[in-house]
Amino acid sequence: MLAAMAIEVIDTASGAILYDTARMGKPSDELFTADYWSARNAVTARGGGRAGVLFIRNDQHHWVLRHYRRGGLIGKLIYDWYFWRGAEQTRAFREWRLLHQLRAKTFPVPVPVATRYVRSGFGYRADLITEALPPGRTLAQTMVGATLTDDVWRKVGAAVARLHKAGVHHADLNAHNILLGESAQVFILDFDRGRLRARGSWERAVLNRLQRSLNKIKAQNKNARFGEREWSELMRGYEKSMSEG
């Protein structure tokens, strides 16, 4: 059973922090910095790529700290700075609140703990803390050098379908944002720019993006196990779930 969430927003010297009071005491800006956790030898791992991810063990808590960074060409110029359009329009607050809604409906997504934005000129920078998910490997990692069963591919498809039936648009669904836990439990990660919306053609665009991601991994690594059969099984799980009440 999920723990009750008590949401609170506190102002800081240069921004604000949104957090769950049941999962974190009154927070401060230093909790969102790598230096703070490194000085306490609390960093257990670091994520690569543009995500800027730290895995933290804090007493009985196991958290993930992610710094928001841009991708693409614009990311080379202003890699972690976003234009200010109001607190509730920040990527950090929007993702936190979406995760909160999804967890309340028992979706297999990270539990949001706290998030913050820091104003900087006409923009802001931001960070997000979530609870770490159970041990597992991403779909991108698992499909290299291993043959996943048809059942696993169907479970991945069913997980995506569940989001779509609820009108949840994941803006960047790819093989790196799908985590396979024990017993092939499927978790969906990284809801930055995600949103709730009316169902429509965007659902097919999400599936196409996922398929391109899987094909790209196969093209880059000869040991990746993916082809028409695997995609057909994924879609079989997707369509079956979509047809259920």
Per the Kirkwood treatment, what hydrodynamic radius in Å, one decimal, follows for the range 7-131 from the mean inverse distance over all distinct Cα pairs?
15.0 Å
Isotropic mean projected area of the C-alpha convex hull, the chain (nm²)
14.5 nm²
Before rounding to the nearest 500, sum -39500 (n - 2.57) across all DSSP H runs of length at least 4 in the chain and divide by the residue total; then give [θ] at 222 nm in deg cm²/dmol.
-9500 deg cm²/dmol
Compute and list, largest first, the equivalent-ellipsoid semi-axes of the range 112-204 from the alpha carbon gyration tensor, each √(5λ) rounded to a whole angstrom.
28, 19, 11
Report the chymotrypsin sites (Phe, Trp or Tyr not before Pro) located in the range 115-162 that are in a DSSP loop and have at most 16 other Cβ atoms inside 10 Å of their Cβ, or state none.
PHE122
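Read the figures in this text as sums done on the coordinates, not as results from a lab. Note that the coordinates shown come from a computational prediction; the quantities given were computed from them, not determined experimentally. Ideal geometry is used to build each Cβ from the backbone, glycine not excepted, and the neighbour counts take in all protein chains shown.
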